[in-house]
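K.L.:
Have a look at this one before I ask anything.
The values are calculated or read from the model by the stated rules, or taken from the named source; none is laboratory data. Since the structure is predicted, the reported quantities are computational estimates derived from the model, not experimental observations. Positions of Cβ are generated from backbone atoms using ideal geometry, with glycine treated the same way; all protein chains shown enter the neighbour counts. Ligands, DNA and RNA are excluded from the accessible area calculation, which covers all protein heavy atoms including side chains. Shrake-Rupley method; radii C 1.70, N 1.55, O 1.52, S 1.80 Å.
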Amino acid sequence: ETGVTQTPRHLVMGMTNKKSLKCEQHLGHNAMYWYKQSAKKPLELMFVYNFKEQTENNSVPSRFSPECPNSSHLFLHLHTLQPEDSALYLCASSQEGGVIYNEQFFGPGTRLTVL
Amino acid sequence: AQSVSQHNHHVILSEAASLELGCNYSYGGTVNLFWYVQYPGQHLQLLLKYFSGDPLVKGIKGFEAEFIKSKFSFNLRKPSVQWSDTAEYFCAVRRTFGDGTTLTVKP
């Protein structure tokens, strides 16, 4: 595997379910991100992890819970979601250092549908 | 707070036409500017970037962008588009993205 991989690619869940999205990067980067991409809206940055530590949480509801056990893996745990949470969830990674915000490498995304 | 504005939501061109996609941003600090592209069925990927130096930057597949500091702009250009350029294009400042422009190139 190369680049950034995400599983599952598609997920349908009810509002009472608990599920997790997984992301893995094979690029040796030190930062990982979760974005939400909804129709007709900009990509919304949800969480940022640097060296496994969460450095940004952009007012994301607590029904989304990220986990970063190491620099290569990132999870997004989902519980009691709402239909408006249906979207494409993108994972990305980059090599960060200093004041430069380097380019990000994106995974293919998980298409989430909440019924 | 940073914001990025892309003026064109959907652009339709014929092959060989010239392309310019507008991008304006509001951010007062050091800008790291990007254009990303998402071809149908593919990952979002980098087209080009600007950090410093020559304000005219060249990217892959014949794309270029010009950083104009006084106008807070970073417009994307290509002199002659191809059908294979059909995609969605996103401008970004640091980690803030615009809402994208869908480009359709007719053969």
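K.L.:
Any chance you could count how many residues in the stretch B:79-98 are assigned to a loop (DSSP other than H, G, I, E, B) and either surrounded by fewer than 16 Cβ atoms within 10 Å (Cβ to Cβ) or hydroxyl-bearing (Ser, Thr, Tyr) (or both)?
P.N.:
Going through the stretch B:79-98, the residues assigned to a loop (DSSP other than H, G, I, E, B) turn out to be B:79-82, B:86, B:94-95, B:98.
Those left that are additionally either surrounded by fewer than 16 Cβ atoms within 10 Å (Cβ to Cβ) or hydroxyl-bearing (Ser, Thr, Tyr) (or both): B:79-80, B:82, B:86.
Qualifying residue count for the region: 4.
K.L.:
Filter the stretch B:11-53 down to the residues that are more than 11 Å from every other protein chain (Cβ to nearest Cβ), open to solvent by 60 Å² or more (accessible area, probe 1.4 Å) and not in a loop (DSSP other than H, G, I, E, B) and list them by number.
P.N.:
B:ILE12, B:SER14, B:GLU20
K.L.:
Could you check how many residues of the stretch A:74-105 are open to solvent by less than 10 Å² (accessible area, probe 1.4 Å) and either away from chain B (no Cβ under 14 Å) or over 10 Å from A:CYS23 (Cα atoms) (or both)? Reasoning before the result, please.
P.N.:
Residues of the stretch A:74-105 that are open to solvent by less than 10 Å² (accessible area, probe 1.4 Å), as a first pass: A:74, A:76, A:78, A:81, A:85, A:87, A:89-94, A:104.
Add one more test, that the residue is either away from chain B (no Cβ under 14 Å) or over 10 Å from A:CYS23 (Cα atoms) (or both), and what stays is A:74, A:76, A:78, A:81, A:85, A:87, A:89, A:94, A:104.
Adding up the residues that qualify gives 9.
K.L.:
I'd like to verify a number: residues in the stretch B:97-107 that are within 7 Å of chain A (Cβ to nearest Cβ) and of a type in the set (Ser, Thr, Tyr), how many?
P.N.:
0
K.L.:
Suppose we keep only residues that are of a type outside the set (A, V, I, L, M) and surrounded by fewer than 18 Cβ atoms within 10 Å (Cβ to Cβ) within the stretch A:35-48. Which one would you say is modelled with the lowest pLDDT? Step through it out loud before you land on a result.
P.N.:
To start, the set of residues in the stretch A:35-48 that are of a type outside the set (A, V, I, L, M) comprises A:35-38, A:40-42, A:44, A:47.
Among the residues that remain, those that are also surrounded by fewer than 18 Cβ atoms within 10 Å (Cβ to Cβ) are: A:38, A:40-41, A:44.
Working: A:SER38: 90, A:LYS40: 73, A:LYS41: 80, A:GLU44: 92.
Here the residue is A:LYS40.
Every residue, every condition in (1) in a strand (DSSP E or B); (2) without any contact (Cβ under 8 Å) to a residue 40 or more places away in the chain, yes or no:
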position	(1), (2)
A:THR2	no, yes
A:LYS36	yes, no
A:PRO66	yes, yes
A:HIS77	yes, no
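K.L.:
Looking at the stretch B:58-100, which of its residues are of a type in the set (Ser, Thr, Tyr) and at pLDDT 95 or above? Let's see the steps before the verdict.
P.N.:
Initially, the stretch B:58-100 is screened for residues of a type in the set (Ser, Thr, Tyr), giving B:70, B:73, B:80, B:84, B:86, B:89, B:96.
Result: B:SER73, B:SER80, B:SER84, B:THR86, B:TYR89.
K.L.:
Collect the residues in the stretch A:13-34 that are open to solvent by 80 Å² or more (accessible area, probe 1.4 Å) and either without any contact (Cβ under 8 Å) to a residue 40 or more places away in the chain or among the hydroxyl-bearing types (Ser, Thr, Tyr) (or both), keeping them in residue-number order.
P.N.:
Correct list: A:THR16 only.
K.L.:
Quick check on A:SER59: is it within 14 Å of another protein chain (Cβ to nearest Cβ), open to solvent by 50 Å² or more (accessible area, probe 1.4 Å) and either under 29 Å from B:THR101 (Cβ atoms) or out of contact with any strand residue (DSSP E or B) (no Cβ under 7 Å at 6 or more places or on another chain) (or both)?
P.N.:
Numbers: within 14 Å of another protein chain (Cβ to nearest Cβ): yes; open to solvent by 50 Å² or more (accessible area, probe 1.4 Å): yes; either under 29 Å from B:THR101 (Cβ atoms) or out of contact with any strand residue (DSSP E or B) (no Cβ under 7 Å at 6 or more places or on another chain) (or both): yes.
Judged against the criteria, A:SER59 is a match.
K.L.:
Among A:LEU43, A:LEU78, A:LEU74, A:LEU115, which is closer than 30 Å to B:HIS9 by Cα and under 12 Å from the mean Cα position of the chain (by Cα)? Explain how you work it out, then say what you get.
P.N.:
Working: A:LEU78 fails: closer than 30 Å to B:HIS9 by Cα; A:LEU74 fails: closer than 30 Å to B:HIS9 by Cα; A:LEU115 fails: under 12 Å from the mean Cα position of the chain (by Cα).
When all the criteria are applied, what remains is A:LEU43.
K.L.:
Sort through B:LEU76, B:LEU56 and tell me the only one that's out of contact with any helix residue (DSSP H, G or I) (no Cβ under 8 Å at 6 or more places or on another chain) and open to solvent by 20 Å² or more (accessible area, probe 1.4 Å).
P.N.:
Details: B:LEU76 fails: open to solvent by 20 Å² or more (accessible area, probe 1.4 Å).
B:LEU56 is the lone residue from the list that is out of contact with any helix residue (DSSP H, G or I) (no Cβ under 8 Å at 6 or more places or on another chain) and open to solvent by 20 Å² or more (accessible area, probe 1.4 Å).
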